[in-house]
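Worksheet: one structure, shown below.
The values are calculated or read from the model by the stated rules, or taken from the named source; none is laboratory data. Predicted, not measured: the structure shown is a model, and the values here were computed from it. Because the Cβ atoms are built from the backbone with ideal geometry, glycine has one as well, and the counts that use them run over all protein chains shown. When the accessible area is computed, the model is the full protein with side chains, heavy atoms only, and any ligands, DNA or RNA have been set aside. Shrake-Rupley method; radii C 1.70, N 1.55, O 1.52, S 1.80 Å.
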Amino acid sequence: MASRDKSNLLATLPPEWPDDLLPAIQAAVRVSGRKVIILDDDPTGTQTVHDVAVLTEWPVPALAAELAQEAPAFYLLTNSRSLPPAAAAARTKEIGQNLRAAATAAEAAAETASVDIAVVSRSDSTLRGHFPGEVDALVAALGSDFDATLIVPFFLEGGRYTIDDVHYVAEGDMLVPASETQFAQDAAFGFRASNLRDWVEEKTDGAVQAKDVASISLTTLRHGGPDAVARALLALPKGSVCVVNAASYRDVEVFVLGLLAAEASGRRYMYRTAASFVRVRAGIPPRPLLSACELNPGSGGILFVVGSYVQKSTDQLAALLRTPGVVAIELSARALLDESNAAAEIARAAATASDALAGGATVVVYTSRELITDADAQRSLAIGNAISSGLVGVVQQLTARPAVLVAKGGITSSDVATTGLGMCRALVLGQALPGVPVWRAGAESRFPGLTYVVFPGNVGASDALARLAQSLRT
């Protein structure tokens, strides 16, 4: 499947639906009374929202308390992408069961007839993740009679478009079919198909045939509008899978308003999506990028922790390390995988980083760039987790508080937040760059109120980390 010139391909599409639909979506969300709960398989899914809570644990009392809040949505950080399939499904099942119990508890506390929820299984916009395992586990645990599963991987901020059922990744001026990118070669989550119908068949091992996968086309969205979307959703066979095309946020708005209409008639859908869908489904308006003052309101050293091995991250790291005044601390990945050397390697890096942070420096702790994998997917995940644990160990042993901590990569940022910093609840403030979320750490964390930047491995131009470092020092 050939790559396409981005401008030329987008120019061939029908004109977008002309009306701003966000006010109607917000009204429909209020009428529905459903709170949107996002199970995020790594922390990067918060990259389109603001003023929304993130929970890293899910005991029933904590979930019930969050359901009682007025915010339209909240996230549960599952970090399931770092787990093997069976463990990911088990974690998802546990969360689904706890959500059911929490809704019952919240109903009793509020003395109301029902506490209704809509659940999003948020995963990678380049199609990596535990599908269909997580979705199947969530459907079973929630006990709801879902009519269909909707797949919406569009993510504008990261340059991910779905056109004629083909999912594309923007690389410069070109749109590259997802199966022809490095993401499709992932040791644990690789795939061969760019057409989402074929991808569903591939990922379900043929249990769902491509010919049986439904599709909401751009023609339906841009010519038919929300009413046509609602009719298409209502016509889906029970238990079917439907992929959704989108090339703009307006396309997502049209789809969501039609979806809400179909749900208002009694239908229920399971969502497997990327981050752009979440903001629209929750009725959250966009906000400008956070200013330099909002990102770093105080003074002190700035810490970058880089673990992601995708080429985009490696290129960004190289540009960051060329920034004048940066203190670079490399962790040997092979030393971290050697039990006899790991502790000393972590202690060395932590001591050097602490001294530099105490002096107000910009510090970059990063793993050596040699990619170590295994032919076995589960062993590859274990290798990645062991290396991430080394970065976490450095954060745990810091003796100086950073003013800002930037974590690069999904598994890295999750492990640093939960294990390194002890976060149980954080607030999403907004975005530092398109697709780069910023959290404020909760009072329970090791550094209460810390500005924590979750920088996805697959987002940003080659100078993105360097530009962020400069803005934090402005």
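Tabulated data for the structure shown
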| item | result |
| --- | --- |
| Total lysine pairs whose alpha carbons fall under 27 Å of each other in the chain (8 or more apart, or interchain) | 10 |
| Ranked order, 46, 323 - accessible area, probe 1.4 Å, largest first | 323, 46 |
| By accessible area with a 1.4 Å probe, ligands and nucleic acids excluded, highest first: order of 267, 401, 279, 192 | 192, 401, 267, 279 |
| Cut-off 13 Å between beta-carbons: net charge of the residues surrounding residue 448, Lys and Arg +1, Asp and Glu -1 | +3 |
| Loop-located GluC sites (Glu not before Pro) in the stretch 300-368, at most 15 other Cβ atoms within 10 Å (DSSP) | 339 |
| Pairwise Cα inverse-distance average, inverted: Kirkwood Rh of the stretch 125-267 (Å) | 15.7 Å |
| Ratio Rg/Rh, restricted to the stretch 65-113 and using Cα atoms, in which Rh is the Kirkwood radius | 1.09 |
| Where only alpha carbons of the stretch 267-312 are counted, the Rg and the Dmax (Å) | 17.3, 52 |
| Shape call, the stretch 15-74: gyration tensor on alpha carbons, a/c limit 1.5 | oblate |
| Cβ charges +1 (Lys, Arg) and -1 (Asp, Glu), total dipole of the stretch 106-202, debye | 240 debye |
| (1) 21.1; (2) 27.1; (3) 23.4, with the label sought being that of the calculated mean projected area of the Cα convex hull in nm² | (1) |
| Global geometry of the stretch 202-329, whether rounded, prolate or oblate, following the gyration tensor of its Cα atoms and the 1.5 cut on a/c | prolate |
| Assigned charges on the beta-carbon of Lys, Arg, Asp, Glu; the chain dipole about Cα centre (debye) | 500 debye |
| Beta bridges per DSSP with both ends in the chain, % antiparallel, nearest 5 | 35 percent |
| Paramagnetic reach from residue 97 in the stretch 120-152 [backbone N under 17 Å; point 7 Å along Cα→Cβ] | 134-144 |
| Distant-in-sequence amide H partners of residue 118 (H built 1.01 Å from N, under 5 Å) | 35, 36, 37 |
